[in-house]
Structure formats: C-alpha cells, structure tokens
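First the structure, in the form of structure tokens, and then the observations on it.
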Amino acid sequence: MTDPTTPDLPALARQLQQFADARDWGPFHSPKNLASALIVEAGELLEHFQWLTEDQSRQLAPDTRQAVTHEMADVLLYLVQLSTVLGIDLMDAAQAKLALNAQKYPVDQARGHSRKYDAL
C-alpha cells in the first residue's frame, strides 16, 4: 500500500522539473547528459558494494546504508528526468518490460537459477 503523502512518479517528475526550472538547468538536461549522469550515479552506487561479499552486501552498516540510499535516490531522480525529457511513461515501460520478461523467463524454466533467457 502506498503512502498518500509520498508523490507518485508523475508528481516526482513535476517536482524535479520545477527544481530544474528554478535553476535554469534545462539547457543542460539533454537526453545524453541525463543518461551520462545516470550512469555516473549508478557507478557511485556500485562503489559501495565493490569489495563486499554477498553476505556483507545484504548487511550494510548504517552509514553505508545511508550512502547507498542517497545514491539510489540520485539514480531514480536522473532516470525520472530522462523519462520526462524523452516523453516516456516509466510505469507503462516497466509494466511492458515485466510482461516481456515473464515471456522470456517462464516460471517452469527459470525457477531457481540465473541463466539468461537464451540459455534456458
């Protein structure tokens, strides 16, 4: 169940647009620049896990968890901005991709292993 005080993706997109507009950042928010920033932030997210074991990655120290939270938020914010600039509805895209993945990875063939769909 969603919290009614938490913005949905369209509301978040509007909030981001207002934030960028107030700073006159529109000229810098080309799809290329936003995609580049997204990858940089994803790399910063990965950096927190780089040398951890599988178990350690599941049990982050509070300060690391907070840093990971901030990096995840940065990734989300850039992704939402990119979708706005390109006119892509992320919720529709995610639902369509989930349906496609369900076809690629049928439960009876994919359950319990991580092989790619073309190796099932």
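The values are calculated or read from the model by the stated rules, or taken from the named source; none is laboratory data. Bear in mind the structure is a predicted one, so any value in this text is a computation, not a measurement. Note that we place each Cβ from the backbone using ideal geometry, even for glycine, and neighbour counts take in every protein chain shown. Quick note on the areas: whole protein, heavy atoms, side chains included, nothing else; ligands and nucleic acids left out. Shrake-Rupley method; radii C 1.70, N 1.55, O 1.52, S 1.80 Å.
Shown in residue order for the range 74-85 are the 3J(HN,Hα) couplings computed by the Karplus curve 6.51 cos²θ - 1.76 cosθ + 1.60 at θ = phi - 60°: 4, 4, 4, 4, 5, 5, 5, 4, 4, 5, 5, 4 Hz (x for Gly and Pro). Our note on the geometry: Cα centres of the range 89-110 and the range 23-88, 23 Å apart.
By accessible area of protein heavy atoms, probe 1.4 Å, what ranking do Leu82, Leu120 get, highest first? Walk me through the intermediate numbers first.
Details: Leu82 25, Leu120 70 Å².
Greatest to least solvent exposure: Leu120, Leu82.
Ordered from highest to lowest accessible area with the whole protein assembly present and a 1.4 Å probe, Lys32, Lys104 read as Lys32, Lys104. Extending 7 Å from Cα along the Cβ direction at Ala67 and again at Ala102 yields two label points whose distance is 3.9 nm. Using a 1.4 Å probe on the protein chains only, how many percent of the accessible area of the chain belongs to carbon and sulfur? Ligands and nucleic acids excluded, carbon and sulfur reach 58 percent.
Ordering Leu38, Tyr78, Ala93 by Cα displacement along the dipole of the chain toward the positive end leaves Ala93 in first place; charges were set at the Cβ atoms of Lys, Arg (+1) and Asp, Glu (-1).
Can you tell me the accessible area per residue over the chain, all protein chains present, probe 1.4 angstrom, in square angstrom? Mind showing how you got there, number by number?
Details: 9310 Å² over 120 residues.
Computed with neighbouring chains in place, this is 78 Å² per residue.
Keeping every protein chain in place, order His48, His70, His29 by accessible area at 1.4 Å, biggest value first, i.e. largest first. Show your work: numbers first, answer last.
Working: His48 60, His70 105, His29 40 Å².
If we order His48, His70, His29 from most to least accessible, we get His70, His48, His29.
Projected onto their three principal axes, the Cα atoms of the chain cover extents of 50, 36, 33 Å, largest first. Please give every one of the aspartates and glutamates within straight-line cross-link reach of Lys104, meaning a C-alpha to C-alpha distance under 20 Å, and leave out same-chain neighbours fewer than 8 residues apart. By straight Cα distance, Lys104 reaches Asp92, Asp118.
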